[in-house]
Amino acid sequence: QSPGSKKEERSEMPVSKNAETVLERRYLIRDESGKVTETVEGLFHRVAGSIAGADKPYTGGASTEALEKEFYEAMTNLEFLPNSPTLMNAGRPLGQLSACFVLPVADSMEDIFEAVKQAALIHKSGGGTGFSFSRLRPCGSAVKSTGGVASGPISFMRVFNMATEAVKQGGTRRGANMGILRVDHPDILEFIDCKKNNADITNFNISVGITEEFMAAVIADGEYDLVDPSTKKVVGSLGAKMVYDKIVEGAWRNGEPGIIFLDRLNRDNVVPGQGPIESTNPCGEQPLLPYESCNLGSINLVKMLKQSKNGCEVDWEKLEKTVRTAVHFLDNVIDVNKYPLDKIDETTKATRKIGLGVMGFADMLLLRGISYNSDEGVAAAREIMSFINRVGHEASEELAQQRGAFPLFEESILKDGAARRNSTVTTIAPTGTLSIIAGCSSGVEPVFAYVFIRNVMDGTELIEVNPVLKQLLEERGLYSDELMRRISKEGTIAHIEEIPEDIRRVFVCAHDVTPEYHVKMQAAFQEYTDNAVSKTVNFGHTATLEDVSQVYMLAYRLGCKGVTIYRDGSRDSQVLNIGKVN
Ligand code: UDP
């Protein structure tokens, strides 16, 4: 495809070749013949202008030029980026700007297929959907109107999966789903195994909705009740430990199912009067009420550093300013957004949730000489996220003074504190695409690998080295292609003796980080995040069931809202193999 005619104008933007490729492929506007008609700067002008325009009703129509410049600079300096749908759709006819949605699935044929249709519309616009299937009557129960038997939640999940498959051809990006079933649903055992085969239900992540009652039964090694959601009757019981072990085994086998702690999500449900939270978005970081949507945005922590005589440190002033800009931006997105359904428009504007998070956290630790796999790393997480959370809440309170609190504030659990514009402010997103655009490590994950060898089509080998490591090795005269090949082959630099110990200690990759520190890091971020944290706990291939079980218990004890684990090599085709990208 032609990259467009104004290539030379693009060089001002500090984006990498990879970022340019991603932007060109999916984000820049094209004409009917498929030719790109927008530059990278053009994209950011379009987004900044459209989002700044939302200020007008609050300022009596005053010029938004200065605000547009503030937004433009935050984005083009790669300090802050809103989630992909905002970059793709702001200022364009589709205008759907949110990444996260939750839809209800009620127990009737009409409702189920209505939800399939609604999900298709959301996927078409680049959003992801989460569903709880817990309200569906179990497989084999009676269907009154036909005298037949119900096929149960898992068979209907397959219908949603097929619909997603079909829509993904025409949409802006691949539709993603979260499917949740409560642990006390009678079909829970079938659910735990429904993704046993890697080729099944591929457009879903699945998680078991765990209750406190269930965890207490696991710890006491007792039984717990299964409840038919359509009759509310107890229809049986299961050994809690047996079910827990099956969940652990599934996660060990191929990463599915994950778990979410439902009671914890509901403890933080700001408007419990509106009903319970039953599900999160596809990657688990955003719990939402049925028909609620949320837009996310992430601050690139690499850009929040400054050089001092003690080395590299956090520029708190710059971070504070960026958080304020970001909260203002994300609140405006709620107003500009064109929602796929009236009901979503209404529900979203009643609570005005936004999800500000971070990316480049691991890179920031590298630059400050702190190991991710250490208590110092965990302390750095607490320090930075508590600051962002506090300033984010202050910024939302200031917006409330100018624009009013979110409409359900008076009935919310926040009503005794300062009025806020947004019922939630912080969320840690995966930043799968945003981190490529910004050229930093994703979300709060450790660096996956420091060296990749890419085999380009003409047979040449391209060596890609983490820029922070490359610069350091060059400064010390240690850099060579041969050394990079060895690092790529080993997957980690932990055992390469030519590299001095002080570097090896800091430059840990995802597999050098112990599962325990993965969880501790997640818990540290969770402590200062209103919503939830997207995080994968990586295990080596030889990890045991007991290792996985211990991590689940640790996550439970440390207050995480859910856990996703992945054991290396446990899916036939994984996206990233250590040191090897095709
Ligand atoms: N998402 C989706 N499809 C995708 C990737 C993401 O629907 O292919 C949604 C999903 O709800 C996910 C959220 O976007 O939880 C945020 O993902 P991420 O931060 O990776 O998105 P980015 O903004 O970096 O593209």
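Sort H511, H185 by Cβ crowding within 10 Å, fewest neighbours at the top. Walk me through the numbers before you get to the answer.
On the way: H511 18, H185 26.
Ranked by crowding around the Cβ, least crowded first: H511, H185.
Exposure proxy check: T514, T564, T427 ranked by fewest other beta carbons within 10 Å? Don't skip to the answer; put the middle values down first.
On the way: T514 17, T564 21, T427 28.
The order, fewest Cβ neighbours first, is T514, T564, T427.
What do you get for trypsin sites (Lys or Arg not before Pro) in segment 157-232 restricted to DSSP loop and a cutoff of at most 11 other Cβ within 10 Å of the site's Cβ?
On the way: sites: R158, K168, R173, R174, R182, K195, K196, K232; in loops: K168, R173, R174, K195, K196, K232.
Of the trypsin sites (Lys or Arg not before Pro), the ones in loops of segment 157-232 whose Cβ has at most 11 other Cβ atoms within 10 Å are K232.
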- Note on the structure: Here segment 533-541 yields Karplus 3J(HN,Hα) values (6.51, -1.76, 1.60; θ = phi - 60°; whole Hz; Gly and Pro given as x) of 10, 7, 7, 10, 8, 8, 10, x, 4
- Item | Those lysines that a straight Cα-Cα span of less than 27 Å connects to K246, excepting residues fewer than 8 apart in one chain | K195, K196, K232, K233, K520, K535, K561
- Item | Residue-wise HN-Hα coupling along segment 443-451, computed from phi with Karplus coefficients 6.51, -1.76, 1.60 (Hz; x: Gly, Pro) | x, 10, 6, x, 5, 6, 8, 8, 9
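Order by neighbour count: L87, L296, fewest other Cβ atoms within 10 Å first, most last.
Details: L87 23, L296 32.
Sorted ascending by nearby Cβ count, the order is L87, L296.
Below 8 Å between Cα atoms, with a sequence gap of 6+, how large is the relative contact order for the chain in percent? Please list the in-between numbers first.
On the way: 1158 pairs, mean separation 82.2, N = 582.
Computed over the chain, the figure is 14 percent.
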- Item | Per-selection Kirkwood Rh - segment 217-341 (Cα, Å, 1 d.p.) | 19.3
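Evaluate the relative contact order of segment 471-542 (contact order divided by residue number), counting alpha-carbon pairs under 8 angstrom at least 6 apart; express in whole percent. Each step should come with its number before you reach the end.
Values: 33 pairs, mean separation 16.3, N = 72.
That works out to 23 percent.
Taking N as the number of residues in the chain, what is its Cα Rg relative to 2.2 N^0.38 Å?
Details: Rg = 23.8 Å, N = 582, 2.2 N^0.38 = 24.7 Å.
So the Cα radius of gyration is 0.96 times the expected 2.2 N^0.38 Å.
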- Query: Amide H neighbours of V149 under 5 Å, counting only residues 5+ apart in sequence or on other chains, H built in-plane at 1.01 Å?
  - Reply: V143
- Item | Amide H partners (placed H, <5 Å) of E223, local residues excluded | A240
- Protection proxy ranking of 357-367, 497-507, 535-545 - average other beta-carbon atoms within 10 Å, highest first: 357-367, 535-545, 497-507
- Message: Let me understand segment 200-247 better: what is its radius of gyration from the alpha carbons, and its Dmax, in angstrom?
- Response: 12.7, 36
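Express the relative contact order of segment 350-483 as a whole percentage, based on alpha carbon pairs under 8 Å and six or more residues apart in sequence. Numbers along the way, then the final one.
Details: 161 pairs, mean separation 42.0, N = 134.
It rounds to 31 percent for segment 350-483.
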- Message: Show me, for segment 559-571, the HN-Hα J-couplings you get by feeding each phi into the Karplus relation (A = 6.51, B = -1.76, C = 1.60, θ = phi - 60°), rounded to Hz, glycine and proline as x.
- Response: x, 5, 8, x, 9, 10, 10, 9, 9, 3, x, 8, 10
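Where Rh is the Kirkwood radius over the Cα pairs of segment 65-172, the temperature 10 °C and the viscosity 1.306 mPa s, what D in µm²/s does Stokes-Einstein return?
Values: Rh = 16.3 Å.
After rounding, the answer is 97 µm²/s.
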- Note on the structure: Placing +1 on each Lys and Arg Cβ and -1 on each Asp and Glu Cβ in segment 238-293, then taking the dipole about the Cα centre, the residue among V270, P257, I247 whose Cα reaches farthest towards the positive end is I247
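With Kirkwood's inverse mean 1/r over C-alpha pairs for Rh, give me the Rg to Rh ratio of segment 434-582, two decimals please.
Values: Rg = 16.8 Å, Rh = 16.9 Å.
My calculation of the ratio gives 0.99.
Computed from the coordinates by the stated procedures, all read-outs in this text should not be read as laboratory data. Because the structure is a prediction, the values reported are computed rather than measured. When we count neighbours, we look across all protein chains shown, and the Cβ atoms used for this are built from the backbone with ideal geometry, even at glycine.
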